[in-house]
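S.K.: Here's a structure for you.
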Amino acid sequence: MVSHGVELHEPKPSAYCSFSTYITYTILIFTGGLRDFLAKVTGMSRYTKKPPPKGYGPLINDWGGFYTRRLYHRIQDTFNRPINSSPGARIDIMKRESVDNLATVKLKQPVEVYKQCLNLGSYNYLGFGDDWRSTCAEYVMPQLEKFPVSLGSSRCDFGTTSIHKKLEKLVAAYLGKEDCIVLNMGYGTNATVIPAICGKGDLIISDKLNHSSIVNGCRASGAHVRSFAHNEPANLEQVLRESIALGQPRTRLRWKKILIVVEGIYSMEGEICKLKAISEIAKKYGAYVYLDEAHSIGALGETGRGATEHTGVDTKDIAICMGTFTKSFGGMGGYIAADKVIVDHLREHCAGMIYHNSMSPIIASQILQSLSIIQGKTKGDLGKKKLTALRENSNFFRKGLMDMGLHCYGDWDSPIIPVLIYIPVKLSVFSRECLKRNLAVVVVSFPATPLETGRARFCVSAAHTREDLVDALEKISEVADIARLKYDKQLLPL
């Protein structure tokens, strides 16, 4: 993809980076295994393992426990940092301490915080975490006089209010679909909707890097599942042709239906789906498209309608539009927008509708107000200004990171900007040094990413000022020099 005169290409780790990553994990695993062995022999360890009762097997997988003890705990202070403020452009992070060499990490007492860190990790794309009191509170707070925080019921019982119906109607109209349902959790939306629409005799073709909620939904469906190379329409067509030609396993019967599952923006890669090519392939072979817009709805497109608007695809060509309200709307939960016959089926067969607690009507009120702002129905052109600011901030920050020689994943206009760190020890260095400079960042490593592509994941917001981003780039450049992350500009690939 070309923008700002710069063509984006996927960076590749050097041979040295790959070797260093693998040798680091090898040393950590060998050393950890040796320490576990010595602990078993001597009975001395900071990790005291209580044996299971006689005749019982251990509840916790030993490899999972080993990974946590000997790898994760070494850098666990860089993860799960608690906050003490609204997740706006500036954020207060609570200080923690460890007295047992990071086996456990506890809040400092009395409580201390890193004040007003620049927040580059939260999903606050349109900045409602910053201006909520002036943009949404006037509509949301009075709803507490009419509705409870929780309805104590599923949608199929007494968990549907007038606010839910109003929200579903608004989302359906916004996306140009006949009907919509809203659920109380984005993860649960994928995990419960996919099994409700697919089953034995169906084929699901899923992008290799789809979110775990999609993976678990596909597994639970009972359908035959195949994957295609990440965001590669040519490979998707190859898999489709082969699957149609071979038919169902053993019987070779024709598939009852074929569902292609993709994401609008891939949350760990920052890449925008090649939706136009994928939808054309789907039409060519009679397959349905299921589009997860968790990170793209409200963040992409001139009017915030997501990947469909950004790529010029009519929502009528997308059988099922899924999205969440967490990232751009200052709320929580998920939605499914589709033809009325599909939505009616989900109301009767989707576990998220039948068993899960209903979305809080207060949260639904928040989503109604934020969506009205995005559409320009309230607060004038504030929604348009937010969308423009998010796009400009994202591209400015991405260009700054690339110009300093960092390896970045993703596409222009995407608010998610992963920076490749590769070597695991550098993850902790990067995170800790950023925090010293009042930058709140998120680092991600195996098993959430492939082994050799550990990364920092920046999330840009419309609430960030240009001064915020310039200051962040200067500090990140300092940290990148310390950790030697400017791989495009270093003479040696260290």
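S.K.: How much accessible area per residue does the range 247-308 have, counting only protein heavy atoms and a probe of 1.4 Å, in square angstrom?
M.R.: Spelled out: the 1.4 Å probe surface of the range 247-308, per residue, equals 39 Å².
S.K.: Under the Kirkwood approximation for Rh and a Cα-based Rg, what ratio Rg/Rh is obtained for the range 141-281?
M.R.: Here Rg/Rh amounts to 1.06.
S.K.: Hey, can you find the accessible area per residue of the range 334-376 for me, probe 1.4 Å, expressed in square angstrom?
M.R.: Value for the range 334-376: 33 Å² per residue.
S.K.: Another question, if that's okay. Suppose we keep just the alpha-carbon trace of the range 406-445; what are its Rg and Dmax in angstrom?
M.R.: Reported Rg and Dmax, both Å: 11.1, 31.
S.K.: Here's a follow-up. At what distance in nm do the modelled label points of I354 and H230 sit from each other, each positioned 7 Å from its Cα along Cα→Cβ?
M.R.: 3.6 nm
S.K.: Further, regarding this structure: Ignoring everything but the protein chains, give the 1.4 Å probe accessible area of E112 in square angstrom, nearest 10.
M.R.: Estimated to the nearest 10 Å², E112 gives 70 Å².
S.K.: Turning to a different aspect of this structure: How compact and how long is the chain, expressed as Rg and Dmax of its alpha-carbon atoms in Å?
M.R.: Rg and Dmax of the chain, Cα atoms, are 23.8, 71 Å.
S.K.: What accessible surface, in Å², does a 1.4 Å probe find on W132, ignoring ligands, DNA and RNA and rounding to the nearest 10?
M.R.: 70 Å²
S.K.: Separation between the R133 and R347 pseudo-spin-labels, each 7 Å from Cα along Cα→Cβ, expressed in nm?
M.R.: Distance between the two pseudo-spin positions: 4.0 nm.
S.K.: Please give the calculated 222 nm ellipticity per residue for the chain, where each DSSP H segment of at least 4 residues contributes -39500 (n - 2.57) and the sum is spread over every residue; nearest 500 deg cm²/dmol? Could the numbers behind the result be given before it?
M.R.: Details: 16 runs with 197 residues, N = 494.
Result for the chain: -12500 deg cm²/dmol, rounded to the nearest 500.
S.K.: Please report the orientation-averaged projected area of the range 195-340, defined via the convex hull of its C-alpha atoms, in nm².
M.R.: 8.5 nm²
S.K.: Just report the Cα centroid separation between the range 261-339 and the range 172-246, whole Å.
M.R.: Distance between centres, Cα-based: 12 Å.
S.K.: Debye sum, Cα scatterers, the range 17-94, no solvent: what log₁₀ I/I(0) at q = 0.13, 0.18, 0.19, 0.21 1/Å?
M.R.: -0.63, -0.89, -0.93, -1.02
S.K.: May I pose another question? Given the alpha-carbon gyration tensor of the range 343-400, what are the semi-axes of its equivalent ellipsoid in whole angstrom, ordered largest first, with each equal to the square root of 5 times an eigenvalue?
M.R.: 34, 17, 10
S.K.: Shifting gears a bit: When the accessible area of the chain is split by element with a 1.4 Å probe, what percent falls to carbon and sulfur?
M.R.: C and S atoms contribute 57 percent here.
S.K.: May I ask for the equivalent-ellipsoid semi-axes of the range 90-155, computed as the square root of five times each C-alpha gyration tensor eigenvalue and listed largest first in whole Å?
M.R.: After scaling each eigenvalue by five and taking roots: 34, 19, 12 Å.
S.K.: Quick one: plug the Kirkwood hydrodynamic radius of the range 1-160 (C-alpha pairs) into Stokes-Einstein at 4 °C, 1.567 mPa s, and report D in µm²/s.
M.R.: Stokes-Einstein gives a translational diffusion coefficient of 59 µm²/s.
S.K.: Still on this structure, I have one more. Under a no-solvent Debye model with one identical scatterer per Cα of the range 339-494, what's log10 I(q)/I(0) at q = 0.13, 0.14, 0.18, 0.20 Å⁻¹?
M.R.: -0.78, -0.84, -1.04, -1.16
S.K.: So what is Rg over Rh here for the range 85-201, counting just Cα atoms and using Kirkwood for Rh? Could you put the intermediate results ahead of the total?
M.R.: Values: Rg = 20.5 Å, Rh = 18.8 Å.
Taking Rh as the inverse mean 1/r over Cα pairs, Rg/Rh reads 1.09.
S.K.: Kirkwood hydrodynamic radius, computed over distinct alpha-carbon pairs, for the range 352-442: how many Å, to one decimal?
M.R.: 16.7 Å
S.K.: To the nearest 10 Å², what's C156's accessible area with a 1.4 Å probe?
M.R.: Accessible surface of C156 is approximately 60 Å².
S.K.: Quick one: Kirkwood hydrodynamic radius for the range 301-408, alpha-carbon pairs, angstrom, one decimal?
M.R.: About 16.4 Å, per the Kirkwood formula over Cα pairs.
S.K.: Cross-link list K50/K426; K12/K177; K108/K385; K385/K426; K12/K257; K177/K274: which exceed 29 angstrom alpha carbon to alpha carbon?
M.R.: As for pairs spanning more than 29 Å Cα to Cα, those are K50/K426; K12/K177; K108/K385; K385/K426; K12/K257.
S.K.: At 7 Å along the Cα-to-beta-carbon direction for both K340 and E97, put a label point, then send me their distance in nm to one decimal.
M.R.: Here the answer is 6.4 nm between the modelled labels.
S.K.: For the range 317-372, take every pair of Cα atoms, bin their distances at 5 Å starting from 0, and report each bin as a whole percent.
M.R.: Result returned by the calculation: 4, 17, 23, 23, 21, 10, 0.
The values are calculated or read from the model by the stated rules, or taken from the named source; none is laboratory data. Every value quoted in this text rests on a predicted model; they were computed, and no experiment measured them. Because the Cβ atoms are built from the backbone with ideal geometry, glycine has one as well, and the counts that use them run over all protein chains shown. Heads up: the accessible areas ignore ligands, DNA and RNA and are worked out on the full protein's heavy atoms, side chains in. Shrake-Rupley method; radii C 1.70, N 1.55, O 1.52, S 1.80 Å.
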